1. Of all residues in the range 61-79, how many are assigned to a loop (DSSP other than H, G, I, E, B) and either more than 25 Å from I95 (Cβ to Cβ) or at pLDDT below 90 (or both)?
2. Filter the range 20-37 down to residues that are in a helix (DSSP H, G or I) and surrounded by 12 or more Cβ atoms within 10 Å (Cβ to Cβ), then give me how many there are.
3. Please indicate, with yes or no, whether at least one residue in the range 92-111 is touching a Pro at 6+ places or on another chain (Cβ under 6 Å), at pLDDT 85 or above and of a type in the set (D, E).
4. Cβ contacts < 8 Å: first residue within 19 Å of R72 (Cβ to Cβ) and modelled with pLDDT of 95 or more, restricted to the range 26-43; second residue in a loop (DSSP other than H, G, I, E, B) and among the small types (G, A, S), any location; separation 6+ or different chain. Result?
5. State yes or no: is R155 surrounded by fewer than 18 Cβ atoms within 10 Å (Cβ to Cβ), under 24 Å from A79 (Cα atoms) and of a type outside the set (A, V, I, L, M)?
6. For the range 180-205: of the residues being among the charged types (D, E, K, R) and either crowded, with 18+ Cβ neighbours inside 10 Å or out of contact with any Asp or Glu (no Cβ under 6 Å at 6 or more places or on another chain) (or both), which is modelled with the lowest pLDDT?
7. For A2, state whether it is of a type in the set (G, A, S), under 27 Å from L226 (Cα atoms) and either at pLDDT below 90 or within 21 Å of the chain's Cα centre (by Cα) (or both).
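The values are calculated or read from the model by the stated rules, or taken from the named source; none is laboratory data. Every value quoted in this text rests on a predicted model; they were computed, and no experiment measured them. Glycine gets a Cβ as well: all are built from the backbone with ideal geometry, and neighbour counts include every protein chain shown.
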Amino acid sequence: MATEKITVLIVEDEPAIIELINFSLREAAWQVASVQSAAEAWEFLGRRAPQLILLDWMLPDQTGLRLLARIRADRNFQAIPVIMLTAKSMEEDKIAGLNHGADDYVTKPFSPRELLARARALLRRNNPDLAEAALTAGAVVLDPASNSVAIDGQRIDIGHAEFKLLKFLMAHPERVFSRSQLLDKVWGNHAVIEERTVDVHVLRLRKALKQAEGLIKTVRSVGYMLSEK
């Protein structure tokens with residue numbers, strides 16, 4: 001799927017938020033459409049299926065969760081990735097959104113860069129053609145097609161395990177993963193690797209990244225994440 005053919009549907013009733021999202025996604029050169037109610041969203045879906053939906057939790061005619069449940073119940077739309085936009089920051093609210101079928105969530109007020117990063121990561125996971133696109137974080141560029149990593153244009157030596165770890169973290173920027181999650185997501189739960197071995201791979205990855213090692217953050221008592229902040 002070519003990037004220019006990607007359509008993102010914004011379901012949001014606040015014009016200022018719609019404008020912010022449009023600004024956030026402008027860099028990706030995606031086609032962006034917006035509607036301000038669940039009814040308008042369903043009408044849009046009847047005409048065209050987008051590649052991504054950004055769905056507000058609170059809409060004037062019904063909750064975003066109800067619309068999400070309807071989307072997930074329809075086989076024509078159930079595979080469309082959905083990011084919930086919510087002012088609710090309580091953990092149980094986020095869990096409710098994920099349990100209803102949301103793929104991710106962004107809490108208002110949100111960073112335009114974070115929203116774009118989340119959207120790109122989600123599209124890569126859901127579109128195989130996008131999965132082979134080069135990933136970028138700061139000066140680091142990872143090319144899945146050639147299994148190579150470059151910093152400021154210079155290729156670096158990196159082990160296979162560290163490459164897989166870096167690829168996963170670059171595909172999910174600004175998200176924290178525990179050691180057990182990384183074991184499952186990167187190596188699969190069938191792999192004979194202990195949680196403490198993840199720490200060893202992180203150390204090796206940081207060493208391989210040299211001056212860019214600061215991209216890999218340790219979140220105390222939780223795990224690791226990739227962040228440019």
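1. 6
2. Step one: filter the range 20-37 for residues in a helix (DSSP H, G or I), giving 20-28.
Next, from what is left, pick out any that are surrounded by 12 or more Cβ atoms within 10 Å (Cβ to Cβ): 20-26, 28.
The qualifying residues number 8.
3. Step one: list which residues in the range 92-111 are touching a Pro at 6+ places or on another chain (Cβ under 6 Å), which gives 103.
Going one step further and asking which of them are at pLDDT 85 or above, we end up with 103.
From the residues that got through so far, the ones that are of a type in the set (D, E) too are 103.
For the range 92-111, residues touching a Pro at 6+ places or on another chain (Cβ under 6 Å), at pLDDT 85 or above and of a type in the set (D, E): present.
4. Within 8 Å, no pair qualifies.
5. no
6. Applying the filter and picking the extreme gives E194.
7. Numbers: of a type in the set (G, A, S): yes; under 27 Å from L226 (Cα atoms): yes; either at pLDDT below 90 or within 21 Å of the chain's Cα centre (by Cα) (or both): yes.
In short, yes.
Okay, residues lined up against (1) over 16 Å from the mean Cα position of the chain (by Cα); (2) in a helix (DSSP H, G or I):
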position: A39; (1), (2): yes, yes
position: W42; (1), (2): yes, yes
position: L45; (1), (2): yes, yes
position: I53; (1), (2): no, no
position: L85; (1), (2): no, no
position: G97; (1), (2): no, yes
